[in-house]
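The values are calculated or read from the model by the stated rules, or taken from the named source; none is laboratory data. Note that the coordinates shown come from a computational prediction; the quantities given were computed from them, not determined experimentally. Positions of Cβ are backbone-derived with ideal geometry, glycine not excepted, and every protein chain shown enters the neighbour counts. Only protein heavy atoms, including side chains, enter the accessible area calculation; ligands, DNA and RNA are left aside. Shrake-Rupley method; radii C 1.70, N 1.55, O 1.52, S 1.80 Å.
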Amino acid sequence: MLLSLVLLGSFVLAPPDTLRPKRLALIPVPLVYYTPETRLAVGAAATATLRFRRDDGFAAARPSQATLAVAYTQNRQLLLYLPFQVFYDHNTYYAYGEAGYYRYTYYFYGLGRQEVPRELYSVNFPRVRVNAFRRVGRLLGERGQLYAGLRYQYEDYQVTRVAPGGLLAGGTVPGGQGSRLTGGGLGLFFDSRDNVFYPRKGVVADVGAFLRNRAAGAGPAGETTHFSRYVADVAEYHALGRRAVLALNYAGSLIVGTAPFNALSQLGGSRRLRGYYEARYRDQNSALVQSELRLEVYKRLGAVVFGGVGALGDQQTLLRLRDPKAAYGAGLRFIANRRDHLNVRLDYGLGRQSTGFYLTVGEAF
C-alpha cells in the first residue's frame with residue numbers, strides 16, 4: 001500500500017502516459033492516506049525507478065523500484081521505511097521486500113477464543129523482509145511466470161507500554177513483553193496477470209514456508225521459542241464484459257510451534273476483511289475467502305462491492321468453521337494513472353459490531 005501511494009505521487013508529477021521510460025528516475029513526492037489503525041497520515045518520500053542496462057531492448061521488462069519514505073500519523077505514530085521490488089535479466093530474477101523502523105500504537109483484542117476489551121499498547125520495532133526468486137518455468141501460456149526462491153525476516157518487537165491490568169501486562173501472552181524474531185524459508189511465486197495494478201484476467205499466487213523461526217523472549221518467562229509458518233495467498237481475476245471484473249482471493253496461514261502474538265495468523269485490516277481493525281483476530285491458524293466486483297462507471301470513476309468470510313483455528317481445532325468472521329462493504333475508485341490503471345481506493349467496510357474507512361492507493365488484492 002505504501003509503495004503504491006508513492007507511485008501515485010510520481011504519476012502526478014510525471015505522467016507516464018507522455019514520458020519515455022528512463023533508465024533511472026528519482027522523484028520526491030508527498031504521502032497522504034487514512035486507515036483505522038493510523039487515522040490520517042502525512043509524510044514525504046523519494047522513489048527511484050530503475051531499468052537495468054541488461055534489459056535494454058526487452059519490451060516486457062518490468063521496472064524496478066525502491067522508495068525511501070517517512071510518515072507521521074494522527075495517532076502519533078512514526079514510520080520510516082524502504083520498500084523495494086527488483087526485476088533483472090528479462091524478468092528472470094525477482095526480489096521484493098522492505099526495511100524499516102516503526103514507532104506504533106495498536107489495539108489488542110485477545111488471542112483465539114480469549115477475547116478481551118481492547119487494550120492499547122505501544123511498540124517500537126525495526127523490520128527487514130527480503131524475498132529473492134528466480135524464474136524456473138512458465139505455466140498457463142507465455143504470460144504465466146513461475147518463480148522459486150528464499151525468504152528472510154527480522155523483527156525486533158519492543159513493547160514499550162501496555163494497558164495496566166490487561167492481558168498483555170499479565171505476562172501470559174507469548175511475546176507480550178516484546179520479542180526478537182529471526183528466520184527464513186522457501187517460497188513459490190506465480191503470476192499470469194495481464195496488469196499488475198488492475199488485472200482483468202489471470203492468477204497470482206504467493207506460497208511460503210518459514211521453517212523453524214526463532215523468537216527470542218517470546219516465552220512466558222522470556223525464553224526463546226521456535227515455530228514454523230506455512231502461508232498461501234492466491235487471487236484470480238475474471239472479466240465480466242468490458243466494464244466489470246470479478247476478483248477472488250483465497251488466503252491461509254498455519255503455525256506450528258509457539259509464535260509471539262504479533263506473528264500469529266491474523267484477520268482484519270485494509271486488505272483482509274475490511275471493516276475490522278488490523279489483527280482484530282489472532283490465532284495459530286487462519287483461512288479467508290473474499291470477493292470483489294469492480295465496475296467502471298464513468299471515465300475515471302469506478303465503484304466496487306466486496307465481501308469476505310474467514311475462520312481461525314488452533315492446535316486442537318484446525319479451523320473453527322462454526323465461528324466465522326464476516327465483513328462486507330462498498331467503495332469508489334478514481335483512476336490516477338490511465339496507462340497502468342492505478343486506482344485511488346476509498347472503501348467503507350462493515351463487520352460484526354465493527355466498521356472501517358480506508359483511503360489508500362491500489363486494490364486490496
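Looking across the stretch 91-104 at every residue that is free of Cβ contacts under 8 Å to residues at least 60 places away in the same chain and open to solvent by less than 30 Å² (accessible area, probe 1.4 Å), the one that is farthest from E142 (Cα to Cα) is identified as Y104. Can you pull out every residue in the stretch 50-82 that is at pLDDT 90 or above and outside any strand (DSSP E or B)? Scanning the stretch 50-82 gives Q74, N75, R76, Q77.
All of (1) within 30 Å of H341 (Cβ to Cβ); (2) of a type in the set (A, V, I, L, M); (3) touching a Ser or Thr at 6+ places or on another chain (Cβ under 8 Å) hold for L188 with one exception: (3).
Hey, does the stretch 318-340 have a residue that's more than 30 Å from Y104 (Cα to Cα) and in contact with a helix residue (DSSP H, G or I) (Cβ under 6 Å, 6 or more places away or on another chain)? Scanning the stretch 318-340 turns up at least one residue that is more than 30 Å from Y104 (Cα to Cα) and in contact with a helix residue (DSSP H, G or I) (Cβ under 6 Å, 6 or more places away or on another chain). When V305, V309, V361, V297 are screened for being open to solvent by 10 Å² or more (accessible area, probe 1.4 Å), under 19 Å from the mean Cα position of the chain (by Cα) and among the β-branched types (V, I, T), only V309 passes.
Within the set R143, R129, R134, R118, the sole residue that is open to solvent by 80 Å² or more (accessible area, probe 1.4 Å), more than 22 Å from the chain's Cα centre (by Cα) and farther than 26 Å from G165 by Cβ turns out to be R143. In the stretch 105-115, what residues are part of a loop (DSSP other than H, G, I, E, B) and either out of contact with any strand residue (DSSP E or B) (no Cβ under 7 Å at 6 or more places or on another chain) or loosely packed, with under 15 Cβ neighbours inside 10 Å (or both)? Listed by number, the list holds a single entry, R113.
From the list A330, A279, the one residue that fits, being assigned to a loop (DSSP other than H, G, I, E, B) and surrounded by fewer than 22 Cβ atoms within 10 Å (Cβ to Cβ), is A279. For the stretch 328-344, filtering for residues that are without any contact (Cβ under 8 Å) to a residue 40 or more places away in the chain, among the aliphatic types (A, V, I, L, M) and under 24 Å from A251 (Cβ atoms) leaves 1. Name the single residue that is most open to solvent (accessible area, probe 1.4 Å) among those in the stretch 313-327 being under 17 Å from N249 (Cβ atoms) and outside any loop (DSSP other than H, G, I, E, B). Once the filter is applied, the top-ranked residue is A326.
Residues in the stretch 175-212 that are in contact with a Lys or Arg (Cβ under 7 Å, 6 or more places away or on another chain) and of a type in the set (V, I, T) were compared, and the one that is farthest from L140 (Cα to Cα) is T182. Looking at the structure I just gave you, is Q158 over 28 Å from Y33 (Cα atoms), open to solvent by 30 Å² or more (accessible area, probe 1.4 Å) and touching a residue at least 12 places away in the same chain (Cβ under 8 Å)? The answer is no for Q158. Considering the stretch 55-90, and only residues there that are small (G, A, S) and within 22 Å of A132 (Cβ to Cβ), the residue that is least open to solvent (accessible area, probe 1.4 Å) turns out to be S64.
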